[in-house]
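Shown next, in structure tokens, is the structure this report addresses.
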């Protein structure tokens, strides 16, 4: 139950795009067609599911105050949390690199589909954002952290696919010149954000 | 850069353009669509927006200069990682300083300070400008983009705070009441929507509309 | 230049040097700013506790001043568990040792809420009896009590932690010597909507609690946060319009935590 709660909460209520604006840069840049949106969305889910648990382990076993106590009592008071930004981003960047190489070697077809998006992801704020929120929410175990990663990724996936679908159709509408493209995308995201606010009414 | 003459003045026309262009025709937020993640989430109060812009500008200038100084020694293969490390280190320093000296602000900005690392403006400028230009030009480019980013943040924060809570919080001056009590007595109410996340997007959309109407050459087709 | 920037050796040497320099620099900065940061959080907690007593002179108390006068007011720090057993009992003369996890001042209620309380609440949703049994069995849940004195008058500052709309909410509630009447309250939050939920930290909301009681005819009666604009009795306060869920969170945390304290004071009249 707890897992389902975390999933629904992170995917819909705390949606990365609509409530926190995380990953907006690639969200706006790569949402012109549904096909590419699905590609980038899947890549984000994948990277989040892999990096969030790794960052969780890093946080609980190394970075947190007292986390190093498994090394011996003299380390029990160490607090490395000031290093968390740099460690998280290093993990994310290297996992992305690793995933890119693995996918390229073992599944050229998937690489063809995801390949160009993977480098973009290292600097997608949704990934680092999920790591930092994970740190703040202090999940009880690694399972919850993984589900949180999955949920956040899924929420991001829905967001980008939805907006891409709208943008595909909107090409045929008469939009005032200055609002064409980015302007309209902002407005649409705002409206969708309002709709997603409705999920706040969920009691979990 | 070899054709550049040594005697080029510090504020030549080209260098001035490095600062002024990002304010309008290549504004990082509204035209290049970079750095929106953090831009919109910290704009409910003016003081947060101002401090966030200052933090981003500082990281941007220093990061640009550092990368520009190191542009000839950074190994090509690990370029992106080196840039990330430089930015992350700068952000940690900013975060630690905020926590130590302006604790209240750091509490409000919380995770958003960390997100400066993945603020695409910074990585974008490092990659696109600092890697190929001298340090002085890079510093100006950082300053220009920082101001361009801050400009949008301040505009958004202004509308959100004035119409959302009827106040304006300015660092050093505290919370100023903009909409007088008498207006409320006549039946005026704060617009709650302005305090919610989606309103930032609406304001930026209108900002883009106004900006592109005044500069028709920016219109996308 | 003779150096080949694309060779593996150069890349590895460069990366190593960079890591050493960056790591050293960050460690130096973090450790030199650490004492100031620690003082900030400690002083903030002291400021909150002192303000929760509800004395007029504390209203303008600044964070930096709190540390110096904390021991003049807070005479005793007690930690109890859900069942009301005393786990730690310190007087103002005992310095606060950051290593002593049971010292009432070191109890991190927010951490305990997310680690221990929240799983119990969501696992036993709707079943109040099961929640109470599970809470009383958990050893990870503590309740700090700060016993304060001013001009011979005794005050108790108790604390509570729970969840608002987005993230944690918590607060300190000051009681008069009878242990039933609220004399002051201070709330804080991690990420409630600014301008809506965040209003719980403003004086008008906190001041509503003053004078309310948690007892009726010798039984525990929680303080309820209602929708604004209702007629209030002395167990009810006005909520914030547009921030229903934050109000529900405050309501829940007060009910859950204050009941423990109420029973404790009832069974331990010497306090």
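Each value in this text was obtained by applying a stated rule to the coordinates, not by laboratory testing. Note that the structure is predicted; figures quoted are calculated from it, not measured. Heads up, the Cβs are rebuilt from the backbone with ideal geometry, glycines too, and the neighbour counts pull from every protein chain shown.
Can you figure out the FRET efficiency of residue C:97 with residue B:69, using R₀ = 35 Å and their beta-carbon distance, to the nearest 0.05? Once the sixth-power term is evaluated, E becomes 0.15.
For the residues C:34, C:83, what sequence is obtained by ranking on other C-beta atoms within 10 Å, fewest first?
On the way: C:34 15, C:83 11.
If I rank by nearby Cβ atoms, fewest first, I get C:83, C:34.
Report, in deg cm²/dmol and to the nearest 500, the calculated mean residue ellipticity at 222 nm for chain A, where each DSSP H run with n ≥ 4 adds -39500 (n - 2.57) and the sum is divided by the residue count.
Working: 9 runs with 130 residues, N = 204.
Calculated from helices alone, the mean residue ellipticity at 222 nm is -20500 deg cm²/dmol.
Protection proxy ranking for C:9-20, A:87-98, A:23-34, C:234-245, using the average of other Cβ atoms within 10 Å per residue and placing the highest first: A:23-34, A:87-98, C:234-245, C:9-20. Counting only alpha carbon atoms, the long axis of helix B:46-69 and the longest principal axis of chain B meet at about 0°. Pairs of Cα atoms nearer than 8 Å and 6+ residues apart set the relative contact order; for chain B it is 32 percent. Each stretch of four or more DSSP H residues adds -39500 (n - 2.57); spread over every residue of chain C, this sum gives -12500 deg cm²/dmol at 222 nm. Computing FRET efficiency as 1/(1 + (r/R0)^6) for residue A:101 and residue A:4, where r is the C-beta to C-beta distance and R0 is 45 Å, gives about 0.85. Shielding value for A:76-88 is 5, the average number of Cβ atoms from other chains within 10 Å of each residue's Cβ.
Of the residues C:134, C:30, C:215, the one that moves most in a GNM of chain C with alpha-carbon contacts below 10 Å is C:30.
Between residue A:110 and residue C:153, the simple label model (points 7 Å from Cα in the Cβ direction) yields a spacing of 6.9 nm.
The ranking of A:57, C:87 by Cβ neighbour count inside 10 Å, starting from the fewest, reads A:57, C:87. Taking 7 Å steps out from each Cα toward its Cβ at residue C:68 and residue B:26 produces label points 5.4 nm apart. Take each residue in C:32-38, count the other chain C-beta atoms within 10 Å of its C-beta, and the mean is 5.
Between 0 and 90 degrees, the angle of helix C:128-137 with respect to the longest Cα principal axis of chain C falls at about 60 degrees. Does a label point 7 Å from the Cα of residue A:173, set along Cα-to-beta-carbon, have any residues of region A:1-42 with amide nitrogen under 18 Å, and which are they? Answer for region A:1-42: A:28-29, A:31-34. Look at the stretch C:114-124: the mean tally of other chain Cβ atoms within 10 Å of its residues' Cβ atoms is 2.
Between the alpha-carbon centres of region A:170-201 and region C:3-52 there is a gap of 41 Å.
Secondary-structure-derived ellipticity at 222 nm for chain B, considering helices only, amounts to -19500 deg cm²/dmol, per-run term -39500 (n - 2.57) for DSSP H runs with n ≥ 4.
With a 10 Å Cβ neighbour count serving as the proxy for reagent exposure, in which order, fewest first, do C:166, B:136, A:156 appear?
Numbers: C:166 19, B:136 14, A:156 30.
So the residues, fewest neighbours to most, are B:136, C:166, A:156.
Of interest is the spacing of the C-alpha centroids, which for region C:74-151 and region B:148-186 amounts to 41 Å. Kindly express, to the nearest 10 degrees and within the range 0 to 90, the angle between helix A:182-197's C-alpha long axis and the longest C-alpha principal axis of chain A. Tilt of helix A:182-197: around 60 degrees. Both the radius of gyration and Dmax for region C:44-267 are 16.6, 48 Å, in that order, over alpha-carbon atoms. Modelled spin labels at residue B:170 and residue A:94, positioned 7 Å past Cα toward Cβ, are 4.9 nm from each other.
Only beta bridges with both residues in chain C are counted; by DSSP, about 90 percent of them are antiparallel.
Within the listed set B:125, B:79, B:71, the residue fluctuating most in the Gaussian network model of chain B (springs between alpha-carbon atoms under 10 angstrom) is B:79. Using the Cβ-Cβ distance between residue B:210 and residue B:127 with R0 set to 25 Å, the FRET efficiency works out to roughly 0.25. Comparing A:82, A:133, A:157 in a Gaussian network model of chain A, where Cα atoms under 10 Å apart are tied by springs, the biggest mean-square fluctuation is seen for A:82. Taking region B:63-99 and a reference point 7 angstrom along Cα→Cβ of residue C:4, the backbone N atoms nearer than 20 Å belong to B:72-79.
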